[in-house]
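Colleague: Following this message is one structure expressed as structure tokens.
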Amino acid sequence: MLDSKMIVSPLKGVSVLAFSTLLLASAHYASADDHDHDHDHDHTHDHSHAHHDHDHDHDHDHNHDHDHDHNHDSDIYSGYFEDEQIKDRSLSDWEGDWQSVYPYLQDGTLDEVFANKAESGDKTAEEYKAYYEIGYETEVDRIVIDGSNVSFFANGEEMSGDYQYDGYEILNYEAGNRGVRFIFELEGEGAEELPQYIQFSDHSIYPTDADHYHLYWGDEREALLEEVTNWPTYYASELSGEEIVEEMLAH
């Protein structure tokens, strides 16, 4: 594992958290708005690259009542689902203008979230903040996704490239729950500063518009799957810090 403070070439690297000149690469899985990252992260990979359709249709069964649907979605959000429920997703699920939540951790806006977690968790508010400091840290403060194009903004610079779908990977955690990374690969040679792969994790396992997400990026597809300590997290740029806090507290 690379040191979280290691300086790497723009948007390159695996365990990525610092920039040299333009961009930095970063990673993650889960956030302060959901189940903690405290579950064991030692895992194996079911290499389900999933360029195929599954036989199981995951459209909501209208014969089930609302409570069942709610519990079903909560189970998926918490990482409990069947392989056949997973569906391929397109980059349009994450289309939009997104902001990093890291500045809100730095300026104290998210302190209310950490205090709330401490009321029922096994850490103090200060310990949660320190934990998410590592998780959220990034200098990529904005990401814009339009069609197949992904633009990274950091230190006043912008880098853009087109990405194509490269399947998904299932991560099995020792705690018993699981996660799915949806992976996209850079098309063509692109700029040297751009990562070859980006991996989305947003607690959903089939096509749906994301309201936030955690993003990993770097040049080594398999190595990125091992990154579980740094997970830059993005919410819609139109939201204020206070609105993001409300979103996090609602989960």
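The values are calculated or read from the model by the stated rules, or taken from the named source; none is laboratory data. In this text the structure is predicted, and so the values were computed from the model without any measurement. Reconstructed Cβ throughout: ideal geometry from the backbone, glycine too, with neighbour counts over all protein chains shown. The accessibility values were calculated without ligands, DNA or RNA, using every heavy atom of the protein model including side chains. Shrake-Rupley method; radii C 1.70, N 1.55, O 1.52, S 1.80 Å.
Colleague: Just name the residue that is nearest to Phe153 (Cα to Cα) out of those in region 77-104 that are in a loop (DSSP other than H, G, I, E, B) and in contact with a Lys or Arg (Cβ under 9 Å, 6 or more places away or on another chain).
Modeller: Among them, the one singled out is Gly79.
Colleague: Out of Asp219, Asp202, Asp166, report the one residue that is within 19 Å of Phe81 (Cβ to Cβ) and either open to solvent by less than 10 Å² (accessible area, probe 1.4 Å) or touching a Phe, Trp or Tyr at 6+ places or on another chain (Cβ under 8 Å) (or both).
Modeller: Just one listed residue meets the conditions, Asp202.
Colleague: Starting from region 105-133, take each residue that is assigned to a helix (DSSP H, G or I) and list its partners that are open to solvent by 30 Å² or more (accessible area, probe 1.4 Å) and of a type outside the set (A, V, I, L, M), counting only C-beta distances under 6 angstrom and pairs at least six apart or across chains.
Modeller: Within 6 Å, the pairs are Phe114/Lys129; Ala118/Thr124.
Yes/no matrix, rows are residues, columns are (1) loosely packed, with under 14 Cβ neighbours inside 10 Å; (2) at pLDDT 95 or above; (3) in contact with a helix residue (DSSP H, G or I) (Cβ under 9 Å, 6 or more places away or on another chain); (4) aromatic (Phe, Trp, Tyr):
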| residue | (1), (2), (3), (4) |
| --- | --- |
| Asp69 | yes, no, no, no |
| Gly79 | no, no, no, no |
| Ile86 | no, yes, no, no |
| Arg89 | no, yes, no, no |
| Gln99 | no, yes, yes, no |
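Colleague: Within the group Leu249, Leu225, Leu215, which residue is under 11 Å from the mean Cα position of the chain (by Cα) and touching a residue at least 60 places away in the same chain (Cβ under 8 Å)?
Modeller: Answer to the selection: Leu215.
Colleague: Out of Ser237, Ser204, which single residue is modelled with pLDDT of 95 or more and within 24 Å of Thr109 (Cα to Cα)?
Modeller: Only one candidate passes the filter, namely Ser237.
Colleague: Among residues belonging to region 93-124 that are touching a strand residue (DSSP E or B) at 6+ places or on another chain (Cβ under 7 Å) and among the charged types (D, E, K, R), point out the one that is nearest to Phe182 (Cα to Cα).
Modeller: Glu95
Colleague: Assess whether Glu119 counts as being open to solvent by 50 Å² or more (accessible area, probe 1.4 Å) and either among the basic types (Lys, Arg) or more than 20 Å from Thr229 (Cβ to Cβ) (or both).
Modeller: When the stated conditions are applied, Glu119 passes them.
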